[in-house]
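J.: Submitted below is the structure of interest, expressed as C-alpha cells.
Values quoted throughout were computed directly from the atomic coordinates according to the rules given, and no laboratory measurement underlies them. Worth saying up front: this structure is predicted, and the values here are computed from it rather than measured. All Cβ positions, glycine included, derive from the backbone under ideal geometry; neighbour counts span all protein chains shown.
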Amino acid sequence: MLTQALLVDDSRSVLDFMKRHLEADGTVQATAYLDPVEAIEAARKTNFDIVLVDYEMPNMDGISFIRELRRMPNCGDIPIVMITSIESDEVRMQALEAGATDFLPKRPQSLEVQVRLRNLVRLGVAVRKLNDRAADLASEVTAATHKLQEREEEIILRLALAVEYRDNDTGEHTLRVARYSRLIAEELGLSPRLCRDIYLAAPLHDVGKVAIPDSILLKPGRLDPQEIAVIRTHAAIGGHILADSHCELIQLGAVIATGHHERFDGSGYPRGLKGSAIPAAARVVAVADVFDALTTKRPYKEAIPLAQARAYLQEKSGSEFDPACVDAFLSRWDDVVAIAAAQAAAPRHRAQAAAASG
C-alpha cells in the first residue's frame with residue numbers, strides 16, 4: 001500500500017518539486033493543493049499518512065491549517081511538517097503548539113533534509129500501522145465484550161425462568177415484566193444503557209421465591225397472616241442471593257429484588273422505604289410486576305381485564321406506586337396492550353402445536 005502524503009502550498013513550482021521528490025522511489029502517492037481550504041476538505045475524506053504544509057498562504061496560514069487538522073480524529077497523531085524558510089523562534093513555537101511535528105526548508109536539497117523527510121514518511125507509515133492494529137484490537141475487544149454480555153444475559157434470563165417455573169408453568173411473567181419495565185424506563189427518559197439493564201435485570205425480581213415452600217407458593221386459596229409473612233421474605237432473600245456480585249446486571253437485580261415490593265408511601269416491605277429513597281429501578285419494576293400479576297391467572301386467583309388493572313394503577317398512584325412510573329406506563333398503553341396480547345396468544349399457540357403433534 002502506497003504511503004499517502006498531503007502537500008499544501010500556494011506555489012505550483014514548490015508543489016511540483018515536493019511531489020516529484022516524494023514520489024521518486026514509488027512508495028509514496030502525493031496529493032497536492034494550492035488552496036488550504038480545499039486541502040482541509042480533502043483531509044476530512046482521506047486518511048493521509050503525512051502532511052507537508054507551507055507557512056505563508058492566502059486564506060489560511062500554516063499554523064491555522066495545522067490546528068484545524070489536529071481537530072480531526074484521523075489527523076490526531078500523523079506527522080505534520082511545516083515547510084518554511086522562516087527561522088523565527090516565535091513562529092516555530094506557535095507551530096509546535098498547534099501540533100507541527102517538524103520543519104523543513106522550501107527546497108529539501110541537502111542530504112540531511114532528504115534523510116529527515118524520508119524518516120518522517122516512515123514515521124507516518126508506522127503511525128498508520130499502529131493505528132490500524134489498535135483499531136483491530138478495539139474491534140476484537142468489542143466482539144469479545146459483546147459475546148460475554150450475551151452469555152451474561154442468557155444466564156440471567158435462564159435463572160429467572162427457573163424461578164418463575166415454580167409458580168407459573170410458562171415462565172412468561174418474567175418476560176412481560178421485563179418488557180413493561182423497559183417501556184416505563186424509556187418513557188422516563190432514562191439512558192439507553194440503563195433501560196437495557198433494567199430490562200435484563202427485571203426478570204430477577206422474584207428470585208427469592210426459591211426459598212418459599214411450595215405449600216405457600218402454590219396454595220390455591222388465600223394465604224393466612226403467617227403465610228403472608230413467609231412469602232414476603234422473598235424480597236430480602238432475593239437481595240441476599242444476588243448481593244456482592246461483580247456483575248453490574250446482578251447488582252441491579254439485587255436492588256430490584258429487594259425493593260420491588262416497597263411502596264411509594266412507605267408502607268411496603270422489607271425496609272419500609274418511601275418515595276425517592278426507593279431505588280428508581282425498583283419503582284419501575286413495581287408497576288410492571290403488579291400490573292402483570294393482576295392481568296394473569298395465578299393458582300390463587302383469576303386474571304382481571306387490562307382496563308381494570310389500569311384503573312388500579314391510577315388509584316394507587318402516589319401511595320403504592322411512584323406517580324411518574326405510573327404516568328410513564330400509561331402513556332405507552334398501546335404498547336402495553338400489544339405485549340399483553342402477544343403473551344396471551346403464546347399459550348394457545350403451544351396448545352395448538354401440542355395437539356397437532358399428538
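J.: So what are the chain's ellipsoid semi-axes, whole angstrom, largest first, if each one is the square root of 5 times an eigenvalue of the alpha-carbon gyration tensor?
T.: On the way: eigenvalues 934, 91, 70 Å².
For the chain, the semi-axes come out at 68, 21, 19 Å.
J.: Turning to a different aspect of this structure: Between Ile155 and Thr233, what is the spin-label point distance in nm, taking each point 7 Å from the Cα along the Cα→C-beta axis?
T.: 2.8 nm
J.: Among His205, His246, His261, which one shows the highest mean-square fluctuation when the chain is modelled as a Gaussian network with alpha-carbon springs under 10 Å?
T.: Result: His246 has the largest fluctuation of those listed.
J.: What distance in nm separates the simple spin-label points at Thr46 and Arg118, each placed 7 Å from Cα in the Cβ direction?
T.: The two pseudo-label positions are separated by 2.5 nm.
J.: Which is the longest part of the chain that has none of the trypsin sites (Lys or Arg not before Pro) sitting in a DSSP loop with at most 11 other Cβ atoms within 10 Å? Walk me through the numbers on the way to the answer.
T.: Values: sites that count: Arg71, Arg222, Lys297.
That would be 72-221.
J.: Can you pull out the GluC sites (Glu not before Pro) in the range 30-83 whose DSSP state is coil and whose Cβ has at most 15 other Cβ atoms within 10 Å? Each step should come with its number before you reach the end.
T.: Details: sites: Glu38, Glu41, Glu56, Glu68; in loops: Glu56.
Qualifying residues, ordered by number: Glu56.
J.: While we're on this one: Which listed residue (Ala235, Gly99, Ala143) has the Cα farthest towards the positive end of the charge dipole for the chain, taking +1 on Lys and Arg C-beta and -1 on Asp and Glu C-beta about the Cα centre?
T.: Positive-most Cα among the choices belongs to Ala235.
J.: Please get the size of the charge dipole for the chain, origin at its Cα centre, with Cβ charges of +1 on Lys and Arg and -1 on Asp and Glu, quoted in debye to the nearest 20.
T.: Values: 42 positive and 51 negative charges, 228 e Å.
Approximately 1100 debye in magnitude.
J.: Could you calculate the FRET efficiency of Gln251 with Asn74 from 1/(1 + (r/R0)^6), where r is the beta carbon distance between them and R0 is 35 Å, rounded to 0.05?
T.: Details: r = 38 Å, r/R0 = 1.09.
The pair Gln251/Asn74 has a calculated efficiency of 0.35.
J.: Here's another thing I want to ask about it. Within the range 131-163, report the GluC sites (Glu not before Pro) that DSSP leaves as loop and that have at most 12 other Cβ atoms within 10 Å.
T.: Those that pass, being in a loop and sparsely packed, number zero.
J.: A further question on this structure: Using only Cα atoms, figure out Rg for the range 1-138 and give it as a multiple of 2.2 N^0.38 Å.
T.: Numbers: Rg = 14.1 Å, N = 138, 2.2 N^0.38 = 14.3 Å.
Rg over 2.2 N^0.38 Å, computed on Cα atoms: 0.98.
J.: Per DSSP helix of 4 or more residues, -39500 (n - 2.57); summed, then divided by the residues of the chain. What does that give at 222 nm, rounded to the nearest 500? Let's see the in-between values first.
T.: On the way: 15 runs with 214 residues, N = 358.
Here the helix-only value at 222 nm equals -19500 deg cm²/dmol.
J.: On to the next question. Once you have the Cα-Cα distance between Glu56 and Ala243, take 0.36 nm times their residue separation minus that, and quote the gain in nm to one decimal.
T.: Working: separation 187, 0.36 × 187 = 67.32 nm, distance 6.54 nm.
So the extension gain works out to 60.8 nm.
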